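See below for the structure under consideration.
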Amino acid sequence: MEIGPKMALDFVEAGDGGEHSFGMDEKFSKTLPEGVSSRLVYSDIVRIAWPSFVELILTQLASMVDLIMVGQLGPWALSAVGLTTQPKFLMMTMFMAMNVGATAMVARYKGANDPEKANGILRQALLLTFVLSTVSSIIGYLFSEPLIAFMGAADAQTLEGGTIYLQIQFLGFVFMALTTTVTATLRGVGDSRTAMIYNLIANGVNVVFNYLLIYGHFGFPEMGIAGASLATVIGQCVAFVLAFAAIMGNRSYLHLSFRESFRPNWDALGSIFKIGLPAMLEQLIMRCGLIIYSKTVAGLGTIAFATHQVCMNIQSLSFMNGNAFAVSATSLMGQSLGKKRPDMAQAYCSRTQRVGMLVSFLIAIVLFFWGGHIVALYNDDPQIVAQGAVIMKMMALIQPFQSSQFIIAGALRGAGDTKATAVITFITVLLVRPAFAIFSINVLNWGLMGAWVAMILDQLIRSALVLARFNSGKWKINGMRIKH
């Protein structure tokens, strides 16, 4: 079994879980525990974050290449693919939320040095994901056309293209879902490198098949938008095979054996559900808010929605900084609380936030000065490029806040404090963003710019609320109460 490099947590004693260890009013000293240096803490953060950063960035770049290739078919194709995004994520809500619980519990057992229970969580999480994703894929496939119509397809061509794209996505849904569960549990034990490797290979396969199937090169059929979707599914199946190959046998801390029981373990499932259900509520709230928001923008017409989709795709790339360091925050928070050391959890979180903030400034510079050129890669329509360039500058200004929000929210989830993040999401994504978008578009007549002002307002308020929640210290009590 792989032991891995020494972590800062290895140099501190486990706490006793007493009130003095995590009192809400306690102000932790900036001085780290004896034997622990800032360099060692930063090393832990970067060791977990950099593979996730590389993986997420290159995954999103593959998505960008996918959309750039689709964009050459015309603005209608960009709109068609864009309309599939929220329905697909809506169907992913259940198992993605349960993955949050699996990550937190695996991290907790890793911190408590209990590999048997960590691997039990892995098996239960895979069982749960298989059931939930199978149901979701069947429903999604059968209702693909009504979902695309509901999202606001402006014409028959967009409706047909979006329906075909979404149906093919649901054919590979179970394989993608199981892979995300493996990835989530690996990240829980701090192993982000393995997920990076198999996802990068899968993304490479995706891009190659995009080239072959969208345009029909090297004797492959010219499938257009359907080829782009099929290429994605092929890449997901490759990731599935490699992910399960990585956890088979006893070569790593997390390992899967089909000789072990896969029957429901209600204690383990209860632990996952306790954290996962509020996370599922959060995701459902988020998807409902984003669907209302997306439908509002779709009403502006094909060109405006194509511009919006391009900018959302680029924004997703900027999310990867916050997401990567959130992986570190979630894993290290869970492991610290598993060792009953909330002081180390706070030390990890504050330093993770600093590193993420530094990277966010670099991303902001790129978006501000070269954002218009990036937009032009998708489609050279003058209206798309001009509006997109302005939106990129707006996006650049919120990068530090966006990064901080992702990281702190990741830390709260690692502590199991998912109810608070659900409430914050309800306020910002379901109320603030769609309400102001509708008001600015229909009353103020700000058009697409109004939708993005609503987006920025959402991000700023959400950043302030998650920071206030973290600073309250309530995650320390909630995190230490979770049954190990």
Mean ellipticity per residue at 222 nm, deg cm²/dmol - from DSSP H runs of n ≥ 4 across the chain, formula -39500 (n - 2.57): -27500 deg cm²/dmol
Whether region 108-228 is rounded, prolate or oblate, judged on the alpha carbon gyration tensor where a/c under 1.5 counts as rounded: oblate
Whole-Hz ³J(HN,Hα) from phi, Karplus 6.51 cos²θ - 1.76 cosθ + 1.60, for region 436-446, glycine and proline x: 6, 5, 4, 5, 5, 7, 8, 9, 7, 6, 7
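If each residue of separation counts as 0.36 nm, what is the full-extension length gain between residue 362 and residue 274 once their alpha-carbon separation is subtracted? Walk me through the intermediate numbers first.
Working: separation 88, 0.36 × 88 = 31.68 nm, distance 3.78 nm.
Gain on extension, residue 362 to residue 274, equals 27.9 nm.
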Charge dipole of the chain about the Cα centre (unit charges at C-beta), most positive-ward option of 465, 378, 292: 465
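Which of 393/476; 117/476; 339/419; 295/419; 88/476 have a Cα-Cα distance over 32 Å? Could the numbers behind the result be given before it?
On the way: 393/476 38 Å; 117/476 23 Å; 339/419 23 Å; 295/419 27 Å; 88/476 35 Å.
Over 32 Å Cα-Cα: 393/476; 88/476.
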Residues with amide H under 5 Å from that of residue 341, placed H, sequence gap 5 or more: 15
Spatially proximal aspartates and glutamates relative to residue 474 (Cα-Cα < 16 Å; intrachain offsets below 8 disregarded): 19, 25, 26, 343, 417
Cut-off 13 Å (backbone N to label point 7 Å along Cα→Cβ of residue 10), residues of region 330-364: none
Inter-probe distance in nm under a simple model that places probes 7 Å from Cα toward Cβ, at residue 208 and residue 251: 2.1
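Of 232, 103, 330, how do they rank once you tally other Cβ atoms within 10 Å and put the fewest first?
Result, fewest neighbours first: 232, 330, 103.
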Rounded to whole Hz, the Karplus (6.51, -1.76, 1.60) HN-Hα couplings of region 177-182, x for glycine and proline: 5, 4, 5, 5, 5, 4
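Would you please give the FRET efficiency between residue 427 and residue 34, computed as 1/(1 + (r/R0)^6) with r the Cβ-Cβ distance and R0 = 45 Å, to the nearest 0.05?
Details: r = 42 Å, r/R0 = 0.93.
Working from the Cβ atoms, E equals 0.60.
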Furthest towards positive pole of dipole, 227, 441, 404, structure part the chain, Cβ charges: 404
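Gain in length, residue 258 to residue 68, computed as 0.36 nm per residue apart minus the alpha-carbon separation, to one decimal in nm? Don't skip to the answer; put the middle values down first.
On the way: separation 190, 0.36 × 190 = 68.40 nm, distance 4.15 nm.
Working it through step by step, the gained length comes to 64.3 nm.
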Within region 135-294: Cβ-based charge dipole about Cα centre, in debye rounded to nearest 20 (Lys, Arg +1; Asp, Glu -1): 600
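Would you mind working out the magnitude of the charge dipole of the chain relative to its Cα centre, with +1 at each Lys and Arg C-beta and -1 at each Asp and Glu C-beta, to the nearest 20 Debye?
Charge dipole, the chain, about its Cα centre: 1120 debye, nearest 20.
Bear in mind that the values in this text are calculations on the coordinates, not laboratory data. Remember, predicted model here, so these are calculated numbers, not experimental data. Cβ coordinates were reconstructed from backbone atoms using ideal geometry, including for glycine residues, and neighbour counts include every protein chain displayed.
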